[in-house]
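In what follows, a single structure is set out as structure tokens and then discussed.
The values are calculated or read from the model by the stated rules, or taken from the named source; none is laboratory data. All figures in this text were calculated on a predicted structure; none of them were measured in a lab. Positions of Cβ are generated from backbone atoms using ideal geometry, with glycine treated the same way; all protein chains shown enter the neighbour counts. Ligands, DNA and RNA are stripped out before the accessible areas are found, and what is left, the full protein with its side chains, is counted by its heavy atoms. Shrake-Rupley method; radii C 1.70, N 1.55, O 1.52, S 1.80 Å.
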Amino acid sequence: QVQLVESGGGLVQAGGSLRLSCAASGRAFSSDTMGWFRQAPGKEREFVAAISWNGGSTKYADSVKGRFTVSRDSAKNTVYLQMNSLKPEDTAVYYCAARGGSYVYTKDDKYDVWGKGTQVAVSS
């Protein structure tokens, strides 16, 4: 069974950092594009960052550019989201997602495997 499991969420003060991890199991995700999305209470799910199968291409939402960095360790079947200079508006449940193919999509309907999410809360 294909599974994505996020970890690393928590409560942090504004200006702090967190690193989220997404561990994949059930199949080799080394050829998949991996994405991070988030959903705040009362809001729609939104794109955060994504990385190509070989790490050669990344995309970021404008709201996180320069603060967040997506990376992957294919040997460990794990994708990371390093989040620095966190703001209260970054508070959300963060989801990891995967899709086959090399194109780095930013729309959530392009991804077919999803994790259950990890909560990030940033206090002011």
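Note down the relative contact order for the chain as a percent, whole number, built from C-alpha pairs under 8 angstrom at least six residues apart.
Working: 321 pairs, mean separation 45.0, N = 124.
Once divided by the residue count of the chain, the mean separation gives 36 percent.
Over region 83-124, calculate the relative contact order: mean separation of alpha carbon pairs under 8 Å at least 6 apart, over the residue count, as a percent.
Contact order relative to length: 58 percent.
Would you tell me the accessible area of Trp36, worked out with a 1.4 angstrom probe on the heavy atoms of the protein chains, in Å² to the nearest 10?
0 Å²
Which value, in debye to the nearest 20, gives the size of the charge dipole of the chain about its Cα centre, when Lys and Arg are +1 and Asp and Glu are -1 at the Cβ?
The dipole magnitude comes to about 140 debye.
What lysines could a cross-link reach from Lys87, if we take a straight Cα to Cα line under 18 Å and drop same-chain neighbours fewer than 8 places away?
Answer for Lys87, where 18 Å is the Cα cut-off: Lys43, Lys65, listed by chain and number.
Can you give me the solvent accessible area of Lys110 with a 1.4 Å probe, rounded to the nearest 10 Å²?
Around 80 Å² of this residue is reachable by solvent.
For region 24-119, what is the accessible area per residue in Å², given a 1.4 Å probe and the full set of protein chains?
I get 50 Å² per residue for region 24-119.
Output ³J(HN,Hα) for region 84-100: one whole-Hz value per residue in order, computed from phi by the Karplus curve 6.51 cos²θ - 1.76 cosθ + 1.60 with θ = phi - 60°, and x for Gly and Pro.
Each residue of region 84-100 in turn: 10, 6, 5, 10, x, 6, 7, 4, 4, 8, 9, 10, 9, 9, 9, 8, x Hz.
I'd like the accessible area for Ser21: 1.4 Å probe, protein heavy atoms, all chains in place, Å² to the nearest 10.
Probe radius 1.4 Å; accessible area of Ser21 about 30 Å².
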